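To keep things clear, I will list the structure first and then write my remarks on it.
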Amino acid sequence: MPDLTTKMGKLTLRNPVILASGTVGYGTEYGKLIDLSLVGAIVTKTITPDPREGNRPPRLRETPGGLLNSIGLENVGLERFLKEKLPGTAQLPTKLIASVAGSDAGEFARLASAVGERDEVSAVELNISCPNVKRARRPLWADPDAVGKVVSAARAATQSTLIVKLSPNVADALSVAEAAKEAGADALVVANTLTGMRIDLDSKAPALGNIFGGLSGKALLPVNLALTWQIAGAVQLPIIGSGGIATADDALEYILAGASAFQVGTALFKDPGVAALIVHGIEERMIREEWNEMAAYVGAARKEREPCLTTEAD
């Protein structure tokens with residue numbers, strides 16, 4: 001069989017399939033629905049310093065090509081996560097990546113220290129791409145300086161593999177990615193959801209209780225794939241592609257663009273077994289094309305091509 005082993009810094013996964021934060025709860029909820037021994041890792045629901053009830057409902061709205069969600073980082077908080085959730089999650093037959101989110105560099109550092117130094121946790125994902133109440137006019141994820149401070153603080157707080165989850169809702173994603181790298185990130189997730197909304201015609205009101213939500217699903221794939229290509233060509237860090245992945249072919253597009261691994265999220269809501277299907281699909285293609293190692297696919301589509309930045313005639 002082909003070798004699907006994936007390495008990102010100190011983190012080694014059995015394969016590049018990672019189940020995205022917010023889609024499998026704390027992991028144990030999906031224990032009877034997904035054979036977790038077939039995936040490389042799971043990312044927990046994002047943990048914040050204190051418990052959060054999340055946004056007011058409605059929180060979900062299907063839309064053509066995807067799903068809008070406005071959960072609002074509902075979670076049990078750091079203390080209860082460590083005491084009540086982590087022991088069970090640590091028993092799952094896969095690597096554990098803990099997602100954390102704070103409102104400033106100090107909170108991110110506290111969270112990274114608390115979860116990153118636990119033996120059960122293989123890596124920490126900094127969810128910098130969530131709304132930030134203290135910086136409403138210029139969100140954290142759009143400010144390279146602020147991102148640098150957050151990542152630097154977290155880096156000083158833990159020796160664990162540090163993964164930074166970027167946002168596609170930014171004009172200059174490269175500057176943010178570079179800031180994360182310089183501050184000590186070990187890998188980047190490219191990327192989170194796009195901001196979107198719908199309006200209910202009967203109630204004449206926004207369809208989501210929080211008005212805006214994050215768009216995930218198939219509609220996001222071309223956007224985040226382009227970001228993956230852009231960032232992979234400029235920032236020398238392992239990249240985890242994310243957005244719209246529902247098949248092995250979707251996943252391999254990210255890998256060929258330069259990602260070392262990928263996250264599956266919204267597709268799990270339709271079919272929890274999709275992760276296993278993606279693993280088998282990748283294996284079948286590798287056998288058919290006589291590729292022995294997953295690493296050989298990473299960036300194979302690039303071939304030193306550069307995008308055309310103008311449509312003007314020569």
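Annotation for the range 212-221: at least one member residue is charged (D, E, K, R) and modelled with pLDDT of 95 or more. Within the range 4-26, the set of residues being modelled with pLDDT of 95 or more, surrounded by 15 or more Cβ atoms within 10 Å (Cβ to Cβ) and in contact with a strand residue (DSSP E or B) (Cβ under 7 Å, 6 or more places away or on another chain) comprises T6, L11, L13, N15, P16, V17, I18, L19, A20, S21, V24. Among the residues of the range 66-81, is any closer than 23 Å to A259 by Cα, in contact with a helix residue (DSSP H, G or I) (Cβ under 6 Å, 6 or more places away or on another chain) and in a loop (DSSP other than H, G, I, E, B)? No; the residues of the range 66-81 include none that is closer than 23 Å to A259 by Cα, in contact with a helix residue (DSSP H, G or I) (Cβ under 6 Å, 6 or more places away or on another chain) and in a loop (DSSP other than H, G, I, E, B). Looking only at the range 129-139, decide whether some residue is assigned to a helix (DSSP H, G or I) and modelled with pLDDT of 95 or more. Checking the range 129-139: not a single residue is assigned to a helix (DSSP H, G or I) and modelled with pLDDT of 95 or more.
In the range 170-219, the residue that is nearest to the chain's Cα centre (by Cα) out of those that are part of a loop (DSSP other than H, G, I, E, B), surrounded by 15 or more Cβ atoms within 10 Å (Cβ to Cβ) and of a type in the set (G, A, S) is A191.
The listed residues are G241, G281, and the only one of them that is surrounded by 14 or more Cβ atoms within 10 Å (Cβ to Cβ), modelled with pLDDT of 95 or more and not in a helix (DSSP H, G or I) turns out to be G241. Screening the range 82-126 for residues that are free of Cβ contacts under 8 Å to residues at least 24 places away in the same chain and among the acidic types (D, E) and picking the one that is surrounded by the most Cβ atoms within 10 Å (Cβ to Cβ) gives E84. From the list A276, A261, A267, which residue is of a type outside the set (D, E) and surrounded by fewer than 21 Cβ atoms within 10 Å (Cβ to Cβ)? Exactly one residue qualifies, and that residue is A276.
The values are calculated or read from the model by the stated rules, or taken from the named source; none is laboratory data. Keep in mind the model is a prediction, meaning the values are calculated, not measured. Cβ: placed from backbone, ideal geometry, glycine included. Neighbour counts: every protein chain shown.
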